[in-house]
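A quick write-up on the structure given underneath.
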Amino acid sequence: PHVVTTTSGATLNRPVRLNPHKSRRDRHFSANTMCQLFLDIYKAVGLKDASSHSGRRTYITRLANKGVGVRLLAELAGHSHISTTQRYIDVNAEQLSAAVELL
């Protein structure tokens, strides 16, 4: 499991569970409400400069790094176009190096 270190130095090594009773069970979260919920969670655990989109970017990038195809990633992310999904995938020097080593 991924371990997160907060700005206070505490570590999180287990999933954060959302309380479903905070919203009405018969209604869906709006996109804005969900974004605000993530901001509140990140703030509560001491994560600085995190957002719902940074979480999505990490999720999509990690799956891409494990070889999940972009069409499947788009479906998981709820994107209509794979070009949107591709913008979420971060590339770093280590990945580039590993790709070249495949030759």
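The values are calculated or read from the model by the stated rules, or taken from the named source; none is laboratory data. Every value quoted in this text rests on a predicted model; they were computed, and no experiment measured them. A quick note on method: Cβ atoms are made from the backbone with ideal geometry, for glycine too, and the neighbour counts reach across all protein chains shown. Calculation scope for accessible area: heavy atoms of the full protein, side chains included, ligands and nucleic acids excluded. Shrake-Rupley method; radii C 1.70, N 1.55, O 1.52, S 1.80 Å.
For the stretch 42-62, the candidate set comprises residues that are open to solvent by 70 Å² or more (accessible area, probe 1.4 Å) and of a type outside the set (Asp, Glu); within that set, the residue that is farthest from residue 31 (Cα to Cα) is 62.
Among the residues making up the stretch 89-103, those that are surrounded by fewer than 10 Cβ atoms within 10 Å (Cβ to Cβ), of a type in the set (A, V, I, L, M, F, W, C) and either touching a residue at least 12 places away in the same chain (Cβ under 8 Å) or assigned to a helix (DSSP H, G or I) (or both) are 93, 100. Regarding residue 64, is this residue at pLDDT 80 or above and either out of contact with any helix residue (DSSP H, G or I) (no Cβ under 6 Å at 6 or more places or on another chain) or in a helix (DSSP H, G or I) (or both)? Criteria met by residue 64. Across the stretch 63-80, the qualifying residues are those that are exposed (fewer than 11 other Cβ atoms within 10 Å of the Cβ) and within 21 Å of residue 31 (Cα to Cα), and the one among them that is farthest from the chain's Cα centre (by Cα) is 80.
Tell me, yes or no, whether the stretch 81-88 has at least one residue that is modelled with pLDDT under 85, open to solvent by less than 80 Å² (accessible area, probe 1.4 Å), among the aromatic types (Phe, Trp, Tyr) and outside any loop (DSSP other than H, G, I, E, B). The answer is no, given that none of the residues of the stretch 81-88 is modelled with pLDDT under 85, open to solvent by less than 80 Å² (accessible area, probe 1.4 Å), among the aromatic types (Phe, Trp, Tyr) and outside any loop (DSSP other than H, G, I, E, B).
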